[in-house]
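Before any comments, here is the structure.
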Amino acid sequence: MLKYNMSRHNNFVNGYVMQTIWAEQALTSQGWQSDVCISVDDRGVIISVEPGSPPQGAKTGILLPSPINLHSHSFQRAMAGLSEHRGPMGSDNFWTWRNLMYRFVGQLNPDDMAAISAFVQMEMLEAGFAGICEFHYVHHQPDGTPYNNIAEMSDAIIEAADQSGIGLTLLPVLYQFGGCDERPLGDGQRRFGNTPEQFGQLFDTARSTIARIGNHSNIGVAPHSLRAVSPEALEFATKLAPDKPIHMHLAEQVGEVEEVRSARGRRPVEWLYENHEVNERWCLIHLTQMNEQETAAVAKSGAVAGLCPLTESSLGDGTFNGRDFIGQEGFFGIGSDSNIQISLAEELRTLEYSQRLHHRQRAIHRAFAV
Ligand SMILES: [Zn+2]
């Protein structure tokens, strides 16, 4: 990110105001290149990338393409800090945090959702993210009744992206049950629930709205987790839009691993890989509870590990097997999840430091040093 005013580096070409950026080194689709001149028009579109150019325009040392924030629940930005005290139970953990989140979510209407989303999207743009994958599960009114437009809340997020200009991949979440035993949703979860049929309707409506705004936007599907969808509904979600990405929370908490194992006889990653052809289309969020075999299976499959190091630290989830996964050439991306802090650099630092603490070593992700 260039932090200084670039207005003095503007030219006019074909009616557009062109900005020129020159970098000693830039990461391009051809890999690292030197003396790179990049021209950008006033719509923010890159017009040309020319290595081996003389210094000109706004000069910088190193330039990277802006990454995508691959996992966000935008509304949680507005509760950042509210859960940083110990609850009445005497000890605090993921599940007590989740209760507070449910109380908070009960207060939100579609206007709140649009305002909070636009605000956090702006912060993400400022932090260097070009796009956001919004894992969106607050669909209905507080008592669980759908709005007249079943995709009202999705539309609020799409409207926010249209306003902020961020690239949006909306991931409407399919959420059916309160646990692996298919118990009904609890009070705090009613806003999330859909049958597969309702979800198909919601997905189609949101897809039409997304198509209208364009703006580098896309849609995917998000079966919430193995706890919240039946095996049949997961199958349904994967077939709903076969060319679109699938995102799912997986293997985040010890309690979740135990619940899935007792209900389905397998650990979450094991169960998923035994029952689905998991490939590049899949983005598995967290994976902080994986054994060696699971780490190898995910790395080999081409699925993306969706890591959210700040949130995983904040919630006490556990540590991702980063050294082994990346050593086996697994793919990963970074998400801001609960949005307690919007900082790509801090996410990456936390990932690296988690590995240092775990392995008692230094400079573990050295492949990323430049
Ligand atoms: Zn999440």
Accessible area per residue in Å² at 1.4 Å probe, computed on the chain: 47
Rounded to a whole number, what % of the accessible area of the range 68-368 do carbon and sulfur atoms account for, probe 1.4 Å? 49
Determine, from the Cβ-Cβ distance of LEU27 and GLU197 and an R0 of 51 Å, the FRET efficiency 1/(1 + (r/R0)^6), rounded to the nearest 0.05. 0.70
Based on the inverse mean of 1/r over its pairs of different Cα atoms, what is the Kirkwood hydrodynamic radius of the range 68-368, in Å? 19.4
Please grab the % of Cα pairs in the range 222-370 that end up more than 19 Å from each other. 52
I'd like the distance separating the alpha-carbon centroids of the range 90-118 and the range 242-297, in whole Å. 25
Protein chains only, probe 1.4 Å: how do VAL17, VAL229 rank by accessible area, largest first? VAL17, VAL229
Tell me the mean residue ellipticity at 222 nm calculated for the chain from its helices only (DSSP H runs of n ≥ 4, each -39500 (n - 2.57), averaged over every residue, nearest 500). -10500 deg cm²/dmol
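The values are calculated or read from the model by the stated rules, or taken from the named source; none is laboratory data. Being a predicted model, the structure only gives us computed values, none of them experimental. For neighbour counting, all protein chains shown are included, and Cβ atoms are generated from backbone atoms with ideal geometry for every residue, glycine included. To get the accessible areas, we keep the full protein, side chains included, count just its heavy atoms, and leave off ligands, DNA and RNA. Shrake-Rupley method; radii C 1.70, N 1.55, O 1.52, S 1.80 Å.
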